């Protein structure tokens with residue numbers, strides 16, 4: 001793939017996404033883009049390119065990262081003829097070419113719909129163009145949430161405005177993401193019993209617990225309903241040795257004496 005330049009100042013920028021995976025995906029998108037800073041925004045392709053060895057990252061995670069990348073870096077996501085693309089606005093500022101190849105993809109000026117937009121934010125393009133393209137929902141695409149098969153759709157997915165605030169943050173932190181709909185309901189109920197930050201911190205502790213086994217990890221619904229953020233750390237999986245009884249100590253002493261007698265050199269006659 002293409003070699004791109006990233007300036008050292010990137011790492012000290014105060015506006016980087018909190019999620020380090022989103023930062024990594026953004027850098028991968030620079031490699032994925034053509035010489036005009038435009039690339040295809042098929043989430044499944046980006047997942048395979050940026051995270052080929054990270055099985056825990058799903059398409060739903062990539063979509064969440066793309067929303068954050070749009071918000072923080074202003075990357076434009078859009079569709080042309082039903083295909084998704086992205087354009088990096090700071091491309092000309094950071095990339096220099098001796099010989100630039102012709103662009104392979106249509107630019108945002110040809111956009112038909114906008115993807116990965118903040119649901120409560122009108123884009124600059126929309127405000128400046130009376131015949132602006134239709135804006136899609138936050139999710140932006142209708143692809144499946146796992147690494148499975150199936151065609152990626154560019155139509156808008158059902159809105160998740162009904163999700164409780166910060167649920168996506170909890171969902172990203174929790175180590176077992178299954179039955180999302182049930183988890184949403186349990187999370188909404190849990191926020192009435194505890195602070196959202198406390199719940200998310202508890203989910204992170206549970207995910208990082210060195211004694212947690214994947215096959216015994218609770219579903220989010222059960223963990224939330226059981227106030228899992230209050231749980232103590234899991235017991236150590238290191239086997240503990242039981243104390244030796246006095247009788248065993250005596251037997252062990254007799255055996256040691258026998259060993260010494262049998263191995264001692266015999267006296268010369």
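The values are calculated or read from the model by the stated rules, or taken from the named source; none is laboratory data. Worth saying up front: this structure is predicted, and the values here are computed from it rather than measured. Don't worry about glycine lacking a Cβ; one is built from the backbone with ideal geometry, like all the others, and counts go over all protein chains shown.
Taking segment 14-24 as the search range and keeping residues that are closer than 10 Å to residue 64 by Cβ and at pLDDT 85 or above, which one is nearest to the chain's Cα centre (by Cα)?
21
Just one of the numbered conditions (1) in contact with a strand residue (DSSP E or B) (Cβ under 8 Å, 6 or more places away or on another chain); (2) modelled with pLDDT under 50 is not true of residue 111; which one?
Evaluating residue 111 over (1) in contact with a strand residue (DSSP E or B) (Cβ under 8 Å, 6 or more places away or on another chain); (2) modelled with pLDDT under 50 leaves (2) as the failure.
Applying the selection to segment 74-88, what residues are surrounded by fewer than 19 Cβ atoms within 10 Å (Cβ to Cβ) and either touching a residue at least 60 places away in the same chain (Cβ under 8 Å) or under 24 Å from the mean Cα position of the chain (by Cα) (or both)?
74, 82, 83
Look through 54, 34, 61 and report the one residue that is within 22 Å of residue 168 (Cα to Cα) and modelled with pLDDT under 90.
Selected residue: 54, the only one of 54, 34, 61 that is within 22 Å of residue 168 (Cα to Cα) and modelled with pLDDT under 90.
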